[in-house]
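K.L.:
My questions will all concern the structure given below.
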Amino acid sequence: MGKLRHVAIQVPDLEKAATFYENVFELKRVGSAVSPIGNAISLSDGTMNLTLLHFPEGTKGGKGGPDWAGLHHIGFVVEDEAATDAKIKEFGGEFFMQLEAHPGVDAEKKYKDVNGVVFDMSSHDWLQSKS
């Protein structure tokens with residue numbers, strides 16, 4: 001069984017969004033990344049990882065430009081990546097891309113579901129705070 005453990009939201013201002021979620025929901029900052037594909041701050045409640053993403057002009061991976069805000073993708077932790085890959089394809093999903101490794105960036109596989117919604121699938125978990 002896959003477990004939902006990651007939600008990624010694209011935001012126009014990483015620090016403003018991170019401060020909001022830290023103060024309102026007491027999420028803990030567990031990581032950050034600055035990379036050629038975009039920038040991120042990861043927060044956690046101890047079970048779920050919320051990654052805030054920002055894609056400045058000239059970076060790839062963003063939706064709707066650098067000022068757009070909204071759900072970017074979700075992520076599932078699975079026990080068997082090969083078996084899950086086969087099930088994704090069997091039920092109409094498709095492989096989208098392998099995220100390249102950069103410092104602070106999880107290098108998971110990205111897929112699209114039957115509606116084109118992007119999701120991550122990985123046998124490793126995302127950074128989480130210790131609750």
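K.L.:
Within segment 1-42, take every residue that is closer than 20 Å to GLU108 by Cβ and charged (D, E, K, R) and give me the one that is surrounded by the fewest Cβ atoms within 10 Å (Cβ to Cβ).
P.N.:
LYS3
K.L.:
Report yes if GLU57 is among the acidic types (Asp, Glu), modelled with pLDDT under 90 and either assigned to a loop (DSSP other than H, G, I, E, B) or exposed (fewer than 15 other Cβ atoms within 10 Å of the Cβ) (or both), otherwise no.
P.N.:
Values: among the acidic types (Asp, Glu): yes; modelled with pLDDT under 90: yes; either assigned to a loop (DSSP other than H, G, I, E, B) or exposed (fewer than 15 other Cβ atoms within 10 Å of the Cβ) (or both): yes.
In short, yes.
K.L.:
In this structure, is GLU90 surrounded by fewer than 11 Cβ atoms within 10 Å (Cβ to Cβ), among the charged types (D, E, K, R) and within 20 Å of VAL118 (Cα to Cα)? Show your work before the answer.
P.N.:
Values: surrounded by fewer than 11 Cβ atoms within 10 Å (Cβ to Cβ): yes; among the charged types (D, E, K, R): yes; within 20 Å of VAL118 (Cα to Cα): yes.
Here the answer is yes, as GLU90 does meet what is asked.
K.L.:
Quick one: in segment 32-54, which of the residues that are out of contact with any helix residue (DSSP H, G or I) (no Cβ under 9 Å at 6 or more places or on another chain), among the hydrophobic types (A, V, I, L, M, F, W, C) and at pLDDT 90 or above is nearest to VAL118 (Cα to Cα)?
P.N.:
Among them, the one singled out is MET48.
K.L.:
Does at least one position in segment 98-105 carry a residue that is exposed (fewer than 12 other Cβ atoms within 10 Å of the Cβ), of a type in the set (D, E, K, R) and modelled with pLDDT of 85 or more?
P.N.:
Residues of segment 98-105 that are exposed (fewer than 12 other Cβ atoms within 10 Å of the Cβ), as a first pass: 98, 100-101, 103.
This time we only want the ones that are of a type in the set (D, E, K, R), so: 100.
Now drop any that are not modelled with pLDDT of 85 or more, which leaves none.
There is no residue in segment 98-105 that is exposed (fewer than 12 other Cβ atoms within 10 Å of the Cβ), of a type in the set (D, E, K, R) and modelled with pLDDT of 85 or more.
K.L.:
Same structure again: Mind listing whichever residues of segment 57-83 are out of contact with any Ser or Thr (no Cβ under 9 Å at 6 or more places or on another chain) and over 23 Å from GLU22 (Cα atoms)?
P.N.:
GLU57, GLY58, LYS60, GLY61, GLY62, LYS63, GLY64, GLY65, ALA82, ALA83
The values are calculated or read from the model by the stated rules, or taken from the named source; none is laboratory data. Bear in mind that the values here come from a model prediction, so they are computed numbers and not experimental data. Don't worry about glycine lacking a Cβ; one is built from the backbone with ideal geometry, like all the others, and counts go over all protein chains shown.
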